[in-house]
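The values are calculated or read from the model by the stated rules, or taken from the named source; none is laboratory data. Everything numeric in this text was worked out from a predicted model, so none of it was measured. Here the Cβ positions follow ideal geometry from the backbone for every residue, glycine too, while neighbour counts run over all protein chains shown. Remember, those area values only see protein heavy atoms, side chains included, never the ligands or the DNA or RNA. Shrake-Rupley method; radii C 1.70, N 1.55, O 1.52, S 1.80 Å.
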Amino acid sequence: MDTAVESEAPFQPVAQRPRHVHTITDRFSMANTYLINDERLVVVDPGSILNAQLLLSYLQRFLHRQPEDIDLIVLTNLHPDHIAGADALRKKTGAPIAASNAAQHIAREVAEGGVMGVSQFVGQMFSQARLQSVLHHLDLFGPAYERQAQLVDIWLEDVAGLPNHLDWRVIASPGHTPDSLCLYNPFSYELLCGDTLITLDGGTALVRGGINRHQLRQTMQTLESLKVYYLYPGHGRPILATRALAHVEW
């Protein structure tokens, strides 16, 4: 019987505002693509060209929006599995591409003759070796910063709001890569964490390996201080829980 009970407290939403993020991926994708459904749309990590195509189809078929409604494309890092579809999506939508300003500094250093040494690269690879299905998650080809930075139109600063989307805050999250960033909405408690965290089968959140463990621990201290109900990793399934970062493994 559909009867209201006046003495019961009204239902309280888990967040101040409903969640905004849609996940776009296919079974062969190396990384997740996310769509922030706002008055204007934000795409996070276009991933492969196939993911970009799937995103545009989803946008029109299910959200009844147009490609021109996308006004920003954000890259959480410059690994190829996150950015391969970015330029094609920019051409289709006219939206600028944004990334961490740390990548800009790295690109300048590389242009001046600084490169990642072989020992650093090998250390990065082995620091990730405990992951399940390791070959799927390894970054087999690191960023070519000098070339890939040329994709970027807007450089994002730590703790700043996204351009035209000020509810979403940029969080510099170095450790896995020096240019990694996360996006956090303190009103809907959503965290897009890029490659800083991934999820494994069964819903376990796992810290990605990196070349700087000290920076990675500092990043995790920052993220664990946030209230997160919706965790969207760069790889693996999202976690929807009132304490999404309560059980993180290293």
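Restricting attention to the stretch 40-81, the residues that are closer than 26 Å to residue 172 by Cβ and either touching a residue at least 60 places away in the same chain (Cβ under 8 Å) or charged (D, E, K, R) (or both) total 14. Helices (runs of 4 or more DSSP H) fully within the stretch 44-104 that include at least 2 residues being over 25 Å from residue 197 (Cα atoms): 49-61, 86-93. Of all residues in the stretch 191-226, those being part of a loop (DSSP other than H, G, I, E, B), closer than 8 Å to residue 175 by Cβ and either over 15 Å from the mean Cα position of the chain (by Cα) or aliphatic (A, V, I, L, M) (or both) number 2. Could you tell me whether residue 187 is in a loop (DSSP other than H, G, I, E, B), within 27 Å of residue 96 (Cα to Cα), more than 16 Å from the chain's Cα centre (by Cα) and at pLDDT below 85? Against the criterion (in a loop (DSSP other than H, G, I, E, B), within 27 Å of residue 96 (Cα to Cα), more than 16 Å from the chain's Cα centre (by Cα) and at pLDDT below 85), residue 187 does not qualify.
No other residue among 163, 186, 178, 174 is more than 15 Å from residue 32 (Cβ to Cβ) and open to solvent by 50 Å² or more (accessible area, probe 1.4 Å) apart from 178.
Scan the stretch 90-106 and give yes if some residue there is at pLDDT below 95, crowded, with 17+ Cβ neighbours inside 10 Å and more than 18 Å from the chain's Cα centre (by Cα), otherwise no. Checked the stretch 90-106: at least one residue is at pLDDT below 95, crowded, with 17+ Cβ neighbours inside 10 Å and more than 18 Å from the chain's Cα centre (by Cα).
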